[in-house]
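Below: one structure, written as structure tokens.
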Amino acid sequence: MKNINYKIATEQDCATILSFIRALADYEKMSDDVIADEKTLREWIFERKKAEVIFALNDEGKEVGFALFFHNFSTFLGRAGLYLEDLFVLPEYRGQGYGKGLLRKLAQIAVERQCGRFEWVCLDWNKPSIDFYLKLGAAPLGDWTIYRLTGDTLTNFASGK
């Protein structure tokens, strides 16, 4: 695998983070779902410290891939895990080791932080990514279904409606 340099995102990178989020949403055909903006990212990632972002850099130091991640917690293991929310490599840089490099870097962070596991989800239709993850040795959790409350449903449930 090629030698890849990485950069931990700072507040000055909010525009770049947002551009990767939008590119990922385009790829997933979910562009209309993106409501994040630079101000919101700055607040939640850097002020509230609820997530972290790492970039993969090409030989010229340009950001060509990104991963946004945070800690979750396993009650069964009694320790934190690392959860990958999003990973995206610009199309022209795919197949060059940047995606695998980002995953390996996150695995190293998980090990350094003594996390009990490293997890992520993948859309069922995304066969190229599924094949890639399986090739790495990642195991799908077929017995689990993700449930989600958002928007008005979340607000209504929280208020007892």
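Readers should treat all values here as calculations from the given coordinates under stated rules, not as data from a laboratory. If you're wondering where the values come from, they're calculated on a predicted model, not measured in any experiment. Note that each Cβ is placed from the backbone with ideal geometry, even for glycine, and that neighbours are counted across all protein chains shown.
Overview of results
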read-out: Gained length - Arg113 relative to Leu149, 0.36 nm times residue gap less alpha-carbon distance; value: 10.0 nm
read-out: Value of Rg/Rh across the range 58-143 [Cα atoms, Kirkwood radius]; value: 0.98
read-out: Extension gain (nm, one decimal) between Glu11 and Arg42, 0.36 nm per residue minus Cα-Cα; value: 10.6 nm
read-out: Over 23 Å (Cα to Cα) - which of Lys50/Lys161; Lys105/Lys135; Lys62/Lys135 fall in this group; value: Lys50/Lys161; Lys62/Lys135
read-out: Segment Ala158-Lys29, extension gain: residue separation times 0.36 nm, minus the distance between their alpha carbons; value: 43.5 nm
read-out: Partner aspartates and glutamates for Lys39 [C-alpha distance under 12 Å; skip if fewer than 8 residues away on the same chain]; value: Glu11, Asp13, Glu47
read-out: Two-decimal ratio, the range 12-161, of alpha-carbon radius of gyration to 2.2 N^0.38 Å; value: 1.11
read-out: Charge-dipole axis of the chain as Lys and Arg at +1 and Asp and Glu at -1 on Cβ define it, positive-most pick from Leu77, Val53, Pro140; value: Leu77
